[in-house]
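Peer 1: Please see the structure below; I have some questions.
The values are calculated or read from the model by the stated rules, or taken from the named source; none is laboratory data. None of the values given here were measured: they were computed from a predicted structure. Cβ sites come from the backbone with ideal geometry, for glycine too, and all protein chains shown count toward neighbours.
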Amino acid sequence: MRLLRTEDKILKQKNLKIGEQITPPKGKLGVLIPGIGGAVSTTFIAGVELVRRGLAEPIGSLTQIGTIRLGKRFEHRSPLIKEFVPLASLQDLVFAGWDIYEANGYEAAMYARVLKREHLEPIKDFLGGITPMKAVFDRSFVKNLHGTHVKEAPSLRDRLEEIKADIAEFKSKNGVDRCIMIWCGSTEAYNKPEDIHQSIDSLREAVDQNDSRIPPSMLYALAALESGIPFINGAPNLTVDIPALIQLADEKGLPIAGKDFKTGQTLMKTIMAPGLKSRMLGLEGWYSTNILGNRDGLVLDDADSFKTKEESKLSVLEYILQPHLYPTLYKNYYHKVAINYYPPRGDNKEGWDCIDIFGWLGYPMQIKVDFLCRDSILAAPLILDLVLFMDLARRAGMSGIQEWLSFYFKSPMVKENLYPEHDLFIQSMKLKNTLRFLMGEDQITHFGLDYYMNGEPEPAPKQGR
Ligand SMILES: NC(=O)c1ccc[n+]([C@@H]2O[C@H](COP(=O)([O-])OP(=O)(O)OC[C@H]3O[C@@H](n4cnc5c(N)ncnc54)[C@H](O)[C@@H]3O)[C@@H](O)[C@H]2O)c1
């Protein structure tokens, strides 16, 4: 009963549309990507095109192959998510974006060395037709790159207006009404919210004064929101995670989400740490190191960019383990994260974890994880899901921070004074319950005692899960 009342309140207060009221996904959906020439972006775009042509499977994408259980376990209702909620179809996605290098989609994908020729050749024409627009770039935020395909306008205001003009031109040329912008650009140098980031008025004033505390990613986010476009941040930069832009998103009724795609090592961490904690096993130390040799690795070789990434990677254990609640287990654990740039590995990152745990009576044990992963292969399906879910959120009237999409992020954005939820399984439940809520279905709490009450219907014969 309490749950129902809360749901009703949310519906009224937030003016949400649910079920059949959700605006259907009619027409094309523009996907605007700052950093479109990067490894992650090209792997995502190429993958969508291969799937559209029936040449590959969208492995790793919840929206494409995931199912969702509805109702009681004996009802055996588990539709595909894409058949349960009204998502845009892959056929309707149109891509455009900005990069500081001129390379077209095919050249950039070849440079990234993630996908093999056998995957790139059949879609060479399509990828070759994707040419990046000139980027807004400032080397003081990404020291290790020297791109030249950049906008010349001297003032931040002019650059902002140029991004907005690019968006408007893309929409009219391609007959696109709805767009989502997703930052897949390089990780920018570490910065903290300051006075200029506190309100939309102060941010706009700072733009007019060419304030050096406004990185390019923040300008793209401002341009997106001012153009009525939801914004997602795939990197750990501050970008849209400032009061000024959260306020603007709320005012404009636009959803925003971030930060930093949860892919390799942190994905593993947020799978394993909740397990250790739920069994009340203690932690002495968690040493994580990575070797990777792509352009992202080169950018992170600069201490300022690495600091942004480090903050994002370090925070997860603290929130999952809650040392203030379990001082015996987690008060003094040592947590170290390192990233080493090692060109021979390219995008094929190796992430090592040495985990020192202790059990009954304090006896020590060790766990070693050596994840030979592929960074962009893990990230690409997350971009697809995020774009489709953000578009759904927009059509359902959801605005502001989309905490239900924490599942996809290392450093999920949350409302001030709330702590972020990092446990992958809680995040997954939160996401699926939000979809159930949007479609007017009961939340699933996994309580389960009701199955054992007298008078409950007999289970139907099993038809799989
Ligand atoms: N691959 C993963 O698993 C993963 C996980 C989490 C986060 N990320 C983040 O995603 C981002 C992309 O990763 P990647 O491996 O594709 O890196 P990448 O270096 O291959 O791509 C980044 C692209 O952004 C471009 N760029 C830099 N500044 C720009 C600007 N101001 N405007 C437009 N373009 C700009 C670069 O030229 C480059 O082409 C990085 O910030 C990375 O930290 C990646």
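Peer 1: Mind listing whichever residues of the range 170-227 are among the acidic types (Asp, Glu) and under 27 Å from ALA393 (Cβ atoms)?
Peer 2: Selection gives ASP177, GLU188, ASP201, GLU226.
Peer 1: Right, next: Taking the criterion of being without any contact (Cβ under 8 Å) to a residue 40 or more places away in the chain and under 20 Å from GLY275 (Cα atoms), would at least one residue in the range 403-423 satisfy it?
Peer 2: Yes, some residue in the range 403-423 is without any contact (Cβ under 8 Å) to a residue 40 or more places away in the chain and under 20 Å from GLY275 (Cα atoms).
Peer 1: So which helices (runs of 4 or more DSSP H) stay within the range 83-194 end to end and still have 3 or more residues that are over 30 Å from MET439 (Cα atoms), within 16 Å of the ligand (Cβ to nearest atom) and not assigned by TED's automatic domain parsing to the domain that holds ILE232?
Peer 2: none
Peer 1: Moving on. For the range 246-268: of the residues being away from the ligand (no atom under 13 Å from the Cβ) and among the acidic types (Asp, Glu), which is surrounded by the fewest Cβ atoms within 10 Å (Cβ to Cβ)?
Peer 2: Only one residue fits best here, namely GLU251.
Peer 1: Taking ILE357 as meeting all but one of (1) in a loop (DSSP other than H, G, I, E, B); (2) assigned by TED's automatic domain parsing to the domain that holds PRO323, write down the number of the exception.
Peer 2: The single condition ILE357 does not satisfy is (1).
Peer 1: Exactly one of these conditions fails for SER78: (1) within 16 Å of the ligand (Cβ to nearest atom); (2) more than 23 Å from the chain's Cα centre (by Cα); (3) of a type in the set (Gly, Ala, Ser). Give me its number.
Peer 2: If we test SER78 against (1) within 16 Å of the ligand (Cβ to nearest atom); (2) more than 23 Å from the chain's Cα centre (by Cα); (3) of a type in the set (Gly, Ala, Ser), just (1) comes out false.
Peer 1: I'd like to know if the range 277-290 contains one or more residues that are in a helix (DSSP H, G or I) and of a type in the set (Phe, Trp, Tyr).
Peer 2: Taking every residue of the range 277-290 in turn, none turns out to be in a helix (DSSP H, G or I) and of a type in the set (Phe, Trp, Tyr).
Peer 1: Exactly one of (1) assigned to a helix (DSSP H, G or I); (2) not assigned by TED's automatic domain parsing to the domain that holds LEU80; (3) not small (Gly, Ala, Ser) is unmet by HIS446. Its number?
Peer 2: (1)
Peer 1: Answer yes or no: is there a residue in the range 429-449 that is on the phi < 0 side of the Ramachandran plot, β-branched (Val, Ile, Thr) and modelled with pLDDT of 95 or more.
Peer 2: Within the range 429-449, one or more residues are on the phi < 0 side of the Ramachandran plot, β-branched (Val, Ile, Thr) and modelled with pLDDT of 95 or more.
Peer 1: Can you pull out the residues in the range 317-333 that are touching a residue at least 40 places away in the same chain (Cβ under 8 Å) and in a helix (DSSP H, G or I)?
Peer 2: LEU317, TYR319, ILE320, LEU321, THR328, LEU329, TYR330
Peer 1: When only residues in the range 337-366 that are loosely packed, with under 13 Cβ neighbours inside 10 Å and aliphatic (A, V, I, L, M) count, which is nearest to the ligand (Cβ to nearest atom)?
Peer 2: My answer is MET365.
Peer 1: OK, next. Within the range 116-160, take every residue that is closer than 26 Å to LEU300 by Cβ and charged (D, E, K, R) and give me the one that is surrounded by the most Cβ atoms within 10 Å (Cβ to Cβ).
Peer 2: This residue is ARG159.
Peer 1: Just to verify a result, which residue in the range 212-235, among those that are in a loop (DSSP other than H, G, I, E, B) and over 14 Å from PRO193 (Cβ atoms), is farthest from the ligand (Cβ to nearest atom)?
Peer 2: GLY228
Peer 1: Filter the range 283-297 down to the residues that are touching a Ser or Thr at 6+ places or on another chain (Cβ under 9 Å) and within 13 Å of the ligand (Cβ to nearest atom) and list them by number.
Peer 2: If the condition is that a residue be touching a Ser or Thr at 6+ places or on another chain (Cβ under 9 Å) and within 13 Å of the ligand (Cβ to nearest atom), then ASN294, ARG295, ASP296 are the ones that fit.
Peer 1: Can you confirm whether ALA273 is among the small types (Gly, Ala, Ser) and in a strand (DSSP E or B)?
Peer 2: No: the conditions fail for ALA273.
Peer 1: Checking the conditions here, which among GLU57, GLU7, GLU49 is in contact with a helix residue (DSSP H, G or I) (Cβ under 9 Å, 6 or more places away or on another chain), over 22 Å from GLN402 (Cα atoms), of a type in the set (D, E, K, R) and in a helix (DSSP H, G or I)?
Peer 2: GLU49
Peer 1: How many residues are modelled with pLDDT of 95 or more and touching a Lys or Arg at 6+ places or on another chain (Cβ under 6 Å) if we restrict to the range 152-184?
Peer 2: 3
Peer 1: Sticking with this structure for a sec: From the residues in the range 13-31 that are over 14 Å from GLY397 (Cβ atoms) and in contact with a Phe, Trp or Tyr (Cβ under 9 Å, 6 or more places away or on another chain), which one is surrounded by the most Cβ atoms within 10 Å (Cβ to Cβ)?
Peer 2: So, considering only residues that are over 14 Å from GLY397 (Cβ atoms) and in contact with a Phe, Trp or Tyr (Cβ under 9 Å, 6 or more places away or on another chain), the one surrounded by the most Cβ atoms within 10 Å (Cβ to Cβ) is VAL31.
Peer 1: Another question, then. Hey, any hits in the range 32-42 for a residue that's of a type in the set (Gly, Ala, Ser), in contact with a strand residue (DSSP E or B) (Cβ under 9 Å, 6 or more places away or on another chain), on the phi > 0 side of the Ramachandran plot and in the same structural domain as ASN433 (by TED's automatic domain parsing)?
Peer 2: yes
Peer 1: Could you say whether any residue in the range 32-46 is farther than 26 Å from LYS349 by Cα and at pLDDT 95 or above?
Peer 2: Checking the range 32-46: at least one residue is farther than 26 Å from LYS349 by Cα and at pLDDT 95 or above.
Peer 1: Go through (1) touching a residue at least 40 places away in the same chain (Cβ under 8 Å); (2) touching a Lys or Arg at 6+ places or on another chain (Cβ under 9 Å) for ILE65 and report which single condition fails.
Peer 2: (1)
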